[in-house]
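Data block below; observations after.
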Amino acid sequence: MIGRIGNLAIWEWFKLRRRWMLWILLAFAILFAQLAVWGSFFSYQNLRTTGGEITVPATLQSQQGRAPRTLACNDLLSGDPARQPTDLDAQVLDGMRAQCRQQLATQPQRLQRAYENLTLPGSIPLALGTLQTLGLILIAVLTASAIGIDYGAGTLRSVLVQGTGRWPYLAAKLLVLVVLAGLGLIVATVSVVISSALAERLATPAAASSAAWSAAGIAVWKAWLSLIPYITLTTFVTVLARSSAAGMAIGLGYYFAEQILVALLSNFFSWFANVAEYLPVHSISAWSGSTGFGGPAAPADLAHAGFVLVGYTLVLGGLAFWLFQRRDVQGATGGG
């Protein structure tokens, strides 16, 4: 059985690597991971250059209809008349200078946090947290495509009649998807390592990073594990619908629907926050440390989130295998 699954997994990898979708999804993952590094780089450089910025609302500006703008604290606190805005009331300027002095007191800590976010190893957990949302979307697309392609093309029947067992067939696909998810995260992490080394050379040095490499390794491990429940969820809905298009639509739609539902109902019903702790996307956010707009606002119980995700993985994976084993195989559905 294990040997058959291994051979089928090799064949599945051979098919997937020849599809442009796999490499396009990987490119998106790499590019998105870079946002954290270079976003932190420009934020750090801007903080050093401006000393922080204060937003001037439109209501405080003398010219009617003027859009809100930002002023650099270094300019406001410089004492140089040429660097002071001339269209603001003196009382407004005094209030802004007071805000800048408050920011100045915490500037060393803010600079240190920004520097750790762009340099190794602190950039790795940050980048993986930024990648979490897109990672679930990408893995849902890849899973639905890999599971549903034989349904849509009508090749599933011919594959199974050749003696390929249904369980080994589906197990091989899941094995390849789980491995590819891990490899994709490793490739994205390597790209973060390279860009962080470059950003560190370009940035004005601050104090040495106090982040630990062990935290970076744990972040990669947790990010990989958090993708597995969503692979099983998308596999289940794809097998249920017998269509990769339906699997993608439901997999992607559920991700956003749950977060919107949690955000809305938690505001109206305090008890719904307890219900949200048992939902898959909320638990993935809690496990990986990514907040999102529907993620946990307070420090999460990792053990609880882990047990919930293991439960979803076993239940949804078991249902997918059960459905795949019992249902008749039809011809081409056209939904792949």
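All other residues whose Cβ lies under 14 angstrom from that of residue 283 are scored, Lys and Arg at +1 and Asp and Glu at -1, for a net of -2. Each listed q (0.07, 0.13 Å⁻¹) maps to a log10 I(q)/I(0) for the chain, found by the Debye formula over equal Cα scatterers with no solvent: -0.41, -1.03.
Once a ≥ b ≥ c are taken as the square roots of the eigenvalues of the Cα gyration tensor of the stretch 187-251, is the result rounded (a/c under 1.5), prolate (a/b larger than b/c) or oblate (a/b not larger than b/c)? Judged from the Cα gyration tensor, the stretch 187-251 comes out prolate (a/c at least 1.5, a/b above b/c).
Which helices, counted as full DSSP H runs in the chain, have an axial Cα extent of no less than 20 Å and a Kyte-Doolittle average of 1.0 or above? Long hydrophobic helices here: 20-50, 123-153, 166-202, 213-241, 244-268, 302-326. Net charge of the neighbourhood of residue 146, taken over other residues with C-beta under 15 Å away and scored Lys/Arg +1, Asp/Glu -1, is +4.
Kindly provide the helix-only [θ] at 222 nm of the chain, computed as the sum of -39,500 (n - 2.57) over DSSP H runs of four or more divided by all residues, to the nearest 500 deg cm²/dmol?
The helix-only estimate for the chain comes to -25000 deg cm²/dmol at 222 nm.
Using heavy atoms of the protein chains and a probe of 1.4 Å, the accessible area assigned to residue 222 is about 40 Å². Taking amide H as placed 1.01 Å from N in the peptide plane, residue 56 has its amide H under 5 Å from the amide H of 69, 70, 71, each at least 5 places away in sequence or on another chain. Once all protein chains are placed together, residue 5 keeps about 40 Å² accessible to a 1.4 angstrom probe. Highest mean packing comes first when the peptides 86-93, 256-263, 186-193, 155-162 are listed by Cβ atoms within 10 Å, giving 186-193, 256-263, 155-162, 86-93.
Using a Gaussian network model of the chain whose springs link C-alpha atoms within less than 10 Å, name the residue from 58, 114, 276 with the highest mean-square fluctuation. Maximum among the listed residues: 58.
Three principal axis extents describe the C-alpha atoms of the stretch 19-156; from largest down they are 76, 39, 20 Å.
Residues considered: 171, 249, 72. Largest GNM mean-square fluctuation over the chain, using C-alpha springs under 10 Å, is found at 72.
The values are calculated or read from the model by the stated rules, or taken from the named source; none is laboratory data. Just so we're clear, the structure is a prediction, and the values are computed from it rather than from any experiment. Counting neighbours? That spans all protein chains shown, and the Cβs are built from the backbone with ideal geometry, glycine included. Side chains are part of the model used for accessible areas, which takes the heavy atoms of the whole protein and leaves out ligands, DNA and RNA. Shrake-Rupley method; radii C 1.70, N 1.55, O 1.52, S 1.80 Å.
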